[in-house]
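What follows is a short report on a single structure.
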Amino acid sequence: MQGPVRSPSVIKSSLIEPDGGVVVDLVVPESERGAKTVEAESMPKVRLTKIDVEWVHVICEGWASPLKGFMREDEYLQSLHFNSLRTKDGSFVNMSLPIVLAIDDATKESIGSSSNVGLVGPDGDLIAVLRSIEIYKHNKEERIARTWGTTAPGLPYVEEVIASAGNWLIGGDLEVLKPIKYNDGLDHYRLSPKQLRKEFDRRKADAVFAFQLRNPVHNGHALLMNDTRRRLLEMGFKNPILLLHPLGGFTKADDVPLDVRMEQHSKVLEDGVLDPETTIVSIFPSPMHYAGPTEVQWHAKARINAGANFYIVGRDPAGMGHPTEKRDLYDPDHGKKVLSMAPGLEKLNILPFRVAAYDTVAKKMAFFDPSRAKDFLFISGTKMRTYARTGENPPDGFMCPGGWNVLVKYYESLQAEEATKQAAAVSS
C-alpha cells in the first residue's frame, strides 16, 4: 500500500537541503578584512594559477558544500576512491572530483613548519588564507587514472593543470579575503548558490531544473528544456524555473569562449526561443575536466547546493573524443546511468532527455523518431563549428538567427586574426 503522496505545491525549490545542511560561505566579512589581510602578509605564500583561483571561487561560495577548503589527504582519498565524503553525522555526500591545490618542492620548503599560508593570485594580489594546513604527496598517475579512467596523452585538464603541477598537495581551511571577481563584463552573471536560492524564492519557483552546458544553445537544446518544463507542469508543479547554467571555468582550446557563449545565450532569450520569465542564466564557475560519468556527478552535486531539485542529463555528459583513438572516451549512456545510482545524489531528481536531431521533413529540431531514422540529421558540435567557420548556414530551424550570427562573427574574427599572424610571419 502506498503512503500519502506529498503535494508538489508545498515543495519549495530553494529549500532542497544543501549537502551538509548549510551553504558554505568562506568570504571574510568586510569588517574583518583589514586585520586578516595584515595577518596574511606575514605568512609564507603559495602562488596560485588562474585555474587554482577558479577553484578558490568554487569552494568559497559553497558549490562544493560541505567542503571548507582545499582537500586534506583523508578527503582526497575518499573523493578519489569512493566519489563521496563521509560527514560528521556518518552520512555521505557526493564528491566525485578531488578539489586540490598542488605545490612544488621549493614552495613546500618555504612553508617549513608553518600551519597557515597566504594564497596569492597570478597578478600578485593576496586573495585568501589556508589554515591548519596539511601537505601530502601528489601521486599524479593515480589521480589521473582514477579520475579519467585512462592515462592516455592529450587529456585537456591534465595537460593544462596536472602535468606541470608540483609533486605535493596542500589542504586546509579556506578564508577568502574578498569576493572573487573577473572584471570581464560578466560578473553580474556569476550568482552564488546563496544568490540563486534567493532568486528562486523571489520568483516563487516550486521546481528548479538545471541544464549544464559548455556549448552554444541550439534549438534542440531549447526543445529539451521547454519539453522538461511541460513535463514538470504535467506533474503538478505550478512555476518550474529553468537554471541555464553554462560552465565558466577552464575549457579546452577548441570550445567556444565564455564571452561568446554568453552573448549567444542572451540572443536565444531575446529571440524568444527560451522564455526570460521562466529562465535564469547564470555562470557556474567550475573548471571543466572532461571526465565523463565521474565529472557529471560533480556537475549535479553543485546544482543541489545552488537549490535545483531537478537535473537534466543527456548523451555523453562531460565527455569528449578519445585523445588518441577515433572513438568516444566514455560510453555515451553511462553518465545518466551513473547519476541515477550515485551515492549522495538521491535527493536530486534526474531527468534523462530524449535525443533531439534535425528533422529534414519538418525542417526543425525534433525528437528523434527511429521509425524514420533517414529523415533525421545529427549536427555535432564539430559540425556546427565547421558551418560557422566556413560561413555556411546550418539548416533553417537549427538555431535562432541572432544566436547563429554571434558564432559566425566569432569565427570570422578568429580567421582574421590567423591571417594577420600569417602575414606577420611572412614579412618577418
task = Please work out which residue is surrounded by the most Cβ atoms within 10 Å (Cβ to Cβ), limiting yourself to the range 133-186 and to residues that are in a helix (DSSP H, G or I) and over 20 Å from the mean Cα position of the chain (by Cα).
result = 140
ask   = Within the range 296-316, can you find the residues that are touching a strand residue (DSSP E or B) at 6+ places or on another chain (Cβ under 6 Å), part of a helix (DSSP H, G or I) and either under 19 Å from residue 98 (Cβ atoms) or hydrophobic (A, V, I, L, M, F, W, C) (or both)?
value = 297, 299, 300, 301
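Could you check, for the range 276-286, whether at least one of its residues is part of a helix (DSSP H, G or I), in contact with a helix residue (DSSP H, G or I) (Cβ under 9 Å, 6 or more places away or on another chain) and open to solvent by 60 Å² or more (accessible area, probe 1.4 Å)?
First pass over the range 276-286, keeping only residues part of a helix (DSSP H, G or I): 276-278.
Next, only the ones that are in contact with a helix residue (DSSP H, G or I) (Cβ under 9 Å, 6 or more places away or on another chain) stay: 276, 278.
So of that shortlist, the ones also open to solvent by 60 Å² or more (accessible area, probe 1.4 Å) come out as 276.
The answer is yes, given that some residue of the range 276-286 is part of a helix (DSSP H, G or I), in contact with a helix residue (DSSP H, G or I) (Cβ under 9 Å, 6 or more places away or on another chain) and open to solvent by 60 Å² or more (accessible area, probe 1.4 Å).
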inquiry  = Six or more apart or on different chains, Cβ atoms under 6 Å: show the pairs whose first residue is in the range 360-383 and more than 24 Å from residue 328 (Cα to Cα) and whose second is in a loop (DSSP other than H, G, I, E, B).
reply    = 363/396; 363/397; 364/397; 375/360; 375/361
ask   = Any residue in the range 404-420 that is in contact (Cβ under 8 Å) with a residue 12 or more places away in the chain and more than 29 Å from the chain's Cα centre (by Cα)?
value = no
task = Filter the range 62-84 down to residues that are open to solvent by less than 10 Å² (accessible area, probe 1.4 Å) and not in a helix (DSSP H, G or I), then give me how many there are.
result = 9
inquiry  = So, in the range 101-130, how many residues would count as being surrounded by fewer than 18 Cβ atoms within 10 Å (Cβ to Cβ) and touching a Pro at 6+ places or on another chain (Cβ under 6 Å)?
reply    = 2
remark   = Subset of the range 174-209, residues under 18 Å from residue 24 (Cα atoms) and of a type in the set (A, V, I, L, M, F, W, C), comes to 174, 176, 177, 180, 191, 196
query = Can residue 315 be described as at pLDDT below 95 and either open to solvent by 10 Å² or more (accessible area, probe 1.4 Å) or within 12 Å of the chain's Cα centre (by Cα) (or both)?
reply = yes
ask   = Looking only at residues in the range 386-407 that are open to solvent by 30 Å² or more (accessible area, probe 1.4 Å) and assigned to a helix (DSSP H, G or I), which one is nearest to residue 321 (Cα to Cα)?
value = 386
Considering residues of the range 365-383 that are of a type in the set (Lys, Arg) and at pLDDT 95 or above only, the residue most open to solvent (accessible area, probe 1.4 Å) = 374
query = Any idea which residue in the range 222-257 is most open to solvent (accessible area, probe 1.4 Å), counting only those that are part of a helix (DSSP H, G or I) and touching a strand residue (DSSP E or B) at 6+ places or on another chain (Cβ under 7 Å)?
reply = 233
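What residue, of 102, 128, is at pLDDT 95 or above and touching a Cys at 6+ places or on another chain (Cβ under 9 Å)?
128
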message = Quick test of your reading of the structure: residue 346 fulfils all but one of (1) assigned to a helix (DSSP H, G or I); (2) within 24 Å of residue 207 (Cβ to Cβ); (3) open to solvent by 50 Å² or more (accessible area, probe 1.4 Å). Name the failing condition by number.
response = (1)
query = Being over 23 Å from the mean Cα position of the chain (by Cα), part of a strand (DSSP E or B) and surrounded by 13 or more Cβ atoms within 10 Å (Cβ to Cβ), is that true of even one residue in the range 192-204?
reply = no
remark   = Within the range 94-129, residues being within 27 Å of residue 294 (Cα to Cα) and of a type in the set (A, V, I, L, M) number 7
Any hit, the range 291-308, residues being touching a residue at least 12 places away in the same chain (Cβ under 8 Å), among the β-branched types (Val, Ile, Thr) and open to solvent by 40 Å² or more (accessible area, probe 1.4 Å) = no
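The values are calculated or read from the model by the stated rules, or taken from the named source; none is laboratory data. This is a predicted model, so every value here is computed, not measured. No Cβ is skipped: glycine too gets one built from the backbone with ideal geometry, and neighbour counts run over all protein chains shown. Please note that ligands, DNA and RNA were not included when accessible areas were found on the heavy atoms of the full protein model with its side chains. Shrake-Rupley method; radii C 1.70, N 1.55, O 1.52, S 1.80 Å.
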